[in-house]
């Protein structure tokens, strides 16, 4: 049983002591071993690194203190708009290890939420002998209660695998976007928490569903005629490409004189929706764009061959998030169900770690942008929150929890669209 303690804000005179305590706690952390692989230098470099964080403008830090004045835990938070000058300071204290720390900063900027104000948990330590006794939860709760009252969400990057359990899971943190992979072992897990109790309720509900079903779900296909499945079909699909409207397309399915086409490559880098908000496919900016601006890039003759299609917009089968009403569209993005059908065996498998579908069909789902640049592409099915949308990763995994609807492409995070459409092939000269 842990000693009695209370939580309070850090005092300016304690910055050096708290930085050293955090560094001690992280000394054997896999991620920091990768950051500074010299055992003799790691403690000093990581201590100096946290001194910079603790001294940054807007930083918020709390400690757990026993009645006799012993500090037994700490949590450090930075605002999303922290002065970028701290990274130059980190380069100086990191010395020869500056490239590792800079790589983390760059990937962090690409992974963090594209929203307004939020706080990021950048340091969190409880001595091993005191873990599992509620101290970590008390440290988190202290600041989360304050942020919840102000309606401010939070973000963090965990250095250990996250499965919706532990102290982060109890407070409603959930994985969002893609893992930040530096080496096979040095991986960060981006986690997001909405302000208030909404995220906690969702994650608990989701955990119960996944536990009860063993991670799998019954397949609930659209009412349209069944698609053909199987490896033989997938091989034929990938070899069947046609030219239409100036783009190459894969033929996913043929029904009589109609064929379903999917662009062979990612053809544009665009966000799903312009604004960070709860949104379903029917309301998205990308849907409007595809059925107006993009549709008008086709010739009148080609437009006459594009068939208006009723889309079944199923909820994400693992999460109880409303996907909105069915829609009628000329051009659209594939749904999660359709990807599982055309780029899978038709039955949703248990996701790996509850966040990705990682299976033998990854290669078939991979896509590239210009100059064969590996590229992520979006689906129209929501993720595990109504402001997230499911995506396909660079590796071809299906990110079932999704990414932020207003995620924009950057140099290190390329995200775009692969439009789909039904065409009448009876009167169309397809090559």
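What to note about this one:
- 19 Å cut-off, amide nitrogen to a point 7 angstrom out along residue 28 Cα→Cβ, residues in region 100-127: 124-127
- 0 to 90° range, to nearest 10: angle between helix 98-111 axis and the chain longest Cα axis: 50 degrees
- Computed from the Cβ-Cβ distance with R0 of 25 Å, the FRET efficiency linking residue 84 to residue 160 stands at 0.35.
- Residue 302-residue 363 FRET efficiency (beta carbon distance; Förster radius 30 Å; 0.05 resolution): 0.45
- With the highest mean first, a sort of the peptides 87-98, 241-252, 17-28 on other beta-carbon atoms found within 10 angstrom per residue produces 17-28, 241-252, 87-98.
- Ratio of the Cα radius of gyration of region 102-186 to 2.2 N^0.38 Å, where N counts its residues: 1.16
- Each peptide among 171-184, 289-302 gets the average number of other Cβ atoms lying within 10 Å of its residues, and from highest to lowest they stand as 171-184, 289-302.
- Between helix 39-55 and the chain: long-axis angle, C-alpha atoms, 0 to 90°, nearest 10: 90 degrees
- Zone residues, region 23-51, relative to residue 108, backbone N less than 19 Å from point 7 Å out along Cα-to-Cβ: 23-37, 42-51
- 0 to 90° range, to nearest 10: angle between helix 15-26 axis and the chain longest Cα axis: 60 degrees
- Pair-distance distribution P(r) for region 250-354, from all Cα-Cα distances in 5 Å bins starting at 0: 2, 9, 17, 23, 21, 16, 7, 3, 1, 0 percent.
- Compactness of region 6-213, expressed as Rg and Dmax over alpha-carbon positions, Å: 16.7, 52
- Where Rh is the Kirkwood radius over Cα pairs, Rg/Rh for the chain: 1.03
- Nitroxide proxy distance, nm - points 7 Å out along Cα→Cβ at residue 16 and residue 326: 7.0 nm
- Spin-label proximity, residue 258 to region 289-318 - amide N less than 16 Å from point 7 Å beyond Cα toward beta carbon: 304-313
- Calculated FRET value between residue 248 and residue 288, using beta carbons and R₀ = 25 Å, to 0.05: 0.50
- Region 231-424 - Kirkwood radius from inverse mean 1/r over Cα pairs (Å): 16.7 Å
- Remark: spin-label model distance residue 410-residue 146 equals 2.6 nm, labels positioned 7 Å along the Cα→Cβ axis.
Rule-based calculations on the coordinates, nothing more; no lab input. All figures in this text were calculated on a predicted structure; none of them were measured in a lab. A quick note on method: Cβ atoms are made from the backbone with ideal geometry, for glycine too, and the neighbour counts reach across all protein chains shown.
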